[in-house]
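The values are calculated or read from the model by the stated rules, or taken from the named source; none is laboratory data. Everything numeric here is computed off the predicted structure, so don't read it as measured data. Every residue, glycine among them, receives a Cβ derived from its backbone with ideal geometry; neighbour counts consider all protein chains shown.
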Ligand SMILES: Nc1ncnc2c1ncn2[C@@H]1O[C@H](COP(=O)(O)OP(=O)(O)OP(=O)(O)O)[C@@H](O)[C@H]1O
C-alpha cells in the first residue's frame, strides 16, 4: 500500500479536493433522515401547510445537493485514479526497459506484462475507491451511529453492540485476502504467458495441428486462475451475508424495542422511521467497508508486485577506472558467465549439461576488424554479445572496449557504440523509414545509404511508396529476407563503431548474403564488425573467426588458419560446401 500512497502524494491537492467534496455530499446525505424525522414528528402534526412545503423543499434541495456533490466527487476520483495509474504504468515501463538481463529473466516477460496491465488496473481501482467509497462508507457507518445516538441513545445501543462483530469479521477475512489475490495474479501471469506464446507462435501451432493441444493448455491455466479467483472471491464474500443477517436482526430489534418506547411515550414514531433509514445507511457503510477491504486486498497484492519491479536493485553500477587507451578495440580476457544467478534456474541450460553459458573466452579485435563467430546452436555465441553490451555482468574475467572495462561506461555512452541486429529482431508497425530511423533523427541521406548497403534497396525501390511503405506489426507484410535487410539497414544507419549482426542473414540466399557483407565491409570500414552465423560461407571472409562449442572457444584465426588448425571448422566447411 505504501506504493499507492507514494504515487497519490503527487496529486494530494486534487485528491483532498475530491475527498472534501465527497465529505460534503455524504454529510448532506446523512441529514436527510433527520429532516424526515423532524417533518413527521413536528412539522406534519402542526398542520401548517407553509411549513410542510418549506421543509419538503429543503429536503428536495438537500437530496439534489448531495447527488450533485457525490457525482462531482466521483468524477474527480476517477480522474485522479487515472493519473496515478498513468504514472505507475509509465514508471513500470521505464524500469522494465532498463532492467538488467538477469532481473528481466527473473520477473519474466508475461509477469511484467500483467504487472503493467491488470496489476496497475487494480491499483487504479483502489485509488479511486480511497477517494470515494473510503470516505462514504466510514461516514455512513460512523455518521449514522452518531446521528442515531443523538436521536435515541437506547435504540442506538442495539447498533453499537453489533458493530465490533461486523468490523471484526471484515478485518479477519481481509487479512486472508492479500495472499489469495497474490496467487490469483501469479496464475494470471501463466495465462498471459500461454496466450502470448500462442499468439506469437500461431503459425507453428496451426502448422503442427497443435490447436487442440494449445486450447487445452490455455484452458487448464485459465481454469486454474478462475479457481483461485473464485476461492479468493468466496472468502471475501463471507462478510456480506453475515453482516446483512446481523443488520436484519438489528432492524427487527429496533422495530420491536422502538415500538415499546413509542408506547411508553419516550420517543415519537418518526424516530423509528429515521432509525430504519439510518440502519440502511449503516448497512451500506459496512458493505462498503467490505468492498473496500476486498479491493484494497487486491490492490495491496498488486502494489507489492509492482513495487518489487520498481525497487529492483539493478541500477547500472558504473565502475570507476583509470584506464589507458589500448591498441585493442575490443578485448575479452578469460570471460565466464552463467545465466540464472537471480533465480533457481542457475546453471540450467536448454540442451546442455554444462554449468556455464560461456567459459574462459579470450580474444581481441583491432578497430575496424571483423570477427565471425560460428558454432552449434546453444554454444554461447549470443551470450558473448549480451556480455559485450552489458545486458548481463560477467562472472569472471574482463571485457574492454578501447581499453575501458564495459562496466566503467555510462549506459547510454556504451549502448551508443553499437548498431545491432538480434535474432528475430522487431519490425514495428510504422513506415520503413521510421523503422530504420528508430527515433534517432538520422539524415535521409544516411538512411538511403544504409538501405543500399543492406541491399534492402532491391525491394524497397520496387514498392510504390518506397521508404514510406507501412510495415505491419512484427513486419507481417514483409518476407523473412526483406525483414532481415530492413533490420540490417537500421543497424547500419547510425554508422556505429561496433556493428553486430546475430544470425541476421539466415533468410537470405547465398548471393545476396555475400553481396550484403561485401557492401558492409566496403562502405563501413570504420565499424568493427561481429557477425554470428551458422554458415561457414558467411564468416569465412572475416578477418578473424571464433569457433565455439559448449561455451568454449575451440578455434580462433583466419579462415585459412582454421582450415589448418581446427578440425571442427574444417569438417563444417567441407560438409557445407560439398
Ligand atoms: N536468458 C537466458 N536464461 C537462461 N539460459 C539462457 C538464456 N539465454 C541463453 N541461455 C542458455 O545459454 C546457452 C547459450 O545460449 P546462446 O543464446 O548464447 O547460444 P547461441 O550459441 O547464440 O545459440 P543459437 O545459435 O541457437 O542462437 C544456451 O544453452 C541457452 O539455453
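Within region 566-578, is there a residue that is in contact with a helix residue (DSSP H, G or I) (Cβ under 8 Å, 6 or more places away or on another chain), at pLDDT 90 or above, buried (at least 21 other Cβ atoms within 10 Å of the Cβ) and more than 22 Å from residue 388 (Cβ to Cβ)? Yes, region 566-578 contains a residue that is in contact with a helix residue (DSSP H, G or I) (Cβ under 8 Å, 6 or more places away or on another chain), at pLDDT 90 or above, buried (at least 21 other Cβ atoms within 10 Å of the Cβ) and more than 22 Å from residue 388 (Cβ to Cβ).
Among the conditions (1) surrounded by fewer than 16 Cβ atoms within 10 Å (Cβ to Cβ); (2) modelled with pLDDT under 90; (3) in contact with a helix residue (DSSP H, G or I) (Cβ under 9 Å, 6 or more places away or on another chain), the only one that residue 464 does not satisfy is (3). Residues in region 266-288 that are assigned to a helix (DSSP H, G or I) and more than 50 Å from the chain's Cα centre (by Cα): 269, 270, 271, 272, 273.
Does region 334-349 include one or more residues that are exposed (fewer than 15 other Cβ atoms within 10 Å of the Cβ), within 34 Å of the chain's Cα centre (by Cα), part of a loop (DSSP other than H, G, I, E, B) and modelled with pLDDT of 65 or more? Checking region 334-349: not a single residue is exposed (fewer than 15 other Cβ atoms within 10 Å of the Cβ), within 34 Å of the chain's Cα centre (by Cα), part of a loop (DSSP other than H, G, I, E, B) and modelled with pLDDT of 65 or more.
Is region 395-407 home to any residue that is assigned to a loop (DSSP other than H, G, I, E, B) and within 16 Å of the ligand (Cβ to nearest atom)? Yes, there is a match, as at least one residue in region 395-407 is assigned to a loop (DSSP other than H, G, I, E, B) and within 16 Å of the ligand (Cβ to nearest atom).
The combined condition, being touching a helix residue (DSSP H, G or I) at 6+ places or on another chain (Cβ under 6 Å) and either assigned to a helix (DSSP H, G or I) or in contact (Cβ under 8 Å) with a residue 12 or more places away in the chain (or both), is not fulfilled by residue 74. Checking each residue in region 541-552 for being within 12 Å of the ligand (Cβ to nearest atom) and crowded, with 21+ Cβ neighbours inside 10 Å picks out 546, 547, 548, 551.
For region 419-461, the set of residues classified as in contact with a strand residue (DSSP E or B) (Cβ under 6 Å, 6 or more places away or on another chain) and surrounded by fewer than 16 Cβ atoms within 10 Å (Cβ to Cβ) consists of 423 only.
Residue 538 satisfies every condition listed in (1) surrounded by 15 or more Cβ atoms within 10 Å (Cβ to Cβ); (2) more than 13 Å from the ligand (Cβ to nearest atom); (3) under 40 Å from the mean Cα position of the chain (by Cα) except (2). The set of residues in region 372-387 being surrounded by fewer than 21 Cβ atoms within 10 Å (Cβ to Cβ) and at negative phi consists of 376, 377, 382, 385, 386.
If we scan region 513-526, do we find a residue that is away from the ligand (no atom under 16 Å from the Cβ) and more than 27 Å from residue 480 (Cβ to Cβ)? Within region 513-526, one or more residues are away from the ligand (no atom under 16 Å from the Cβ) and more than 27 Å from residue 480 (Cβ to Cβ).
Just one of the listed residues (331, 311) is modelled with pLDDT of 85 or more and buried (at least 18 other Cβ atoms within 10 Å of the Cβ), namely 331. Among the residues of this structure, residue 233 does not count as one that is modelled with pLDDT of 85 or more and either in a helix (DSSP H, G or I) or under 23 Å from residue 283 (Cβ atoms) (or both).
Residues that are without any contact (Cβ under 8 Å) to a residue 60 or more places away in the chain and in contact with a helix residue (DSSP H, G or I) (Cβ under 8 Å, 6 or more places away or on another chain) were ranked within region 507-525; the one that is surrounded by the most Cβ atoms within 10 Å (Cβ to Cβ) is 517.
Quick one: would you say residue 513 is modelled with pLDDT under 90 and in contact with a strand residue (DSSP E or B) (Cβ under 6 Å, 6 or more places away or on another chain)? Against the criterion (modelled with pLDDT under 90 and in contact with a strand residue (DSSP E or B) (Cβ under 6 Å, 6 or more places away or on another chain)), residue 513 does not qualify.
Against the conditions (1) at positive phi; (2) within 16 Å of the ligand (Cβ to nearest atom), residue 422 satisfies every one except (1). Within region 526-557, the set of residues being outside any strand (DSSP E or B) and closer than 19 Å to residue 501 by Cβ comprises 526, 527, 534, 535, 536, 537, 538, 539, 540, 541, 542, 543. In region 87-172, counting only helices (runs of 4 or more DSSP H) that sit wholly within it, the ones holding 3 or more residues that are away from the ligand (no atom under 16 Å from the Cβ) and out of contact with any strand residue (DSSP E or B) (no Cβ under 8 Å at 6 or more places or on another chain) span 120-131, 133-138, 144-151.
Only one entry in 555, 551 is within 26 Å of residue 418 (Cβ to Cβ) and without any contact (Cβ under 8 Å) to a residue 24 or more places away in the chain, namely 555.
Scanning region 480-492 for any residue that is within 30 Å of residue 413 (Cβ to Cβ), in a strand (DSSP E or B), within 16 Å of the ligand (Cβ to nearest atom) and at pLDDT 90 or above turns up nothing. Residues that are farther than 13 Å from residue 551 by Cβ and within 15 Å of the ligand (Cβ to nearest atom) within region 370-385 comprise 371, 372, 374, 385, listed in sequence order.
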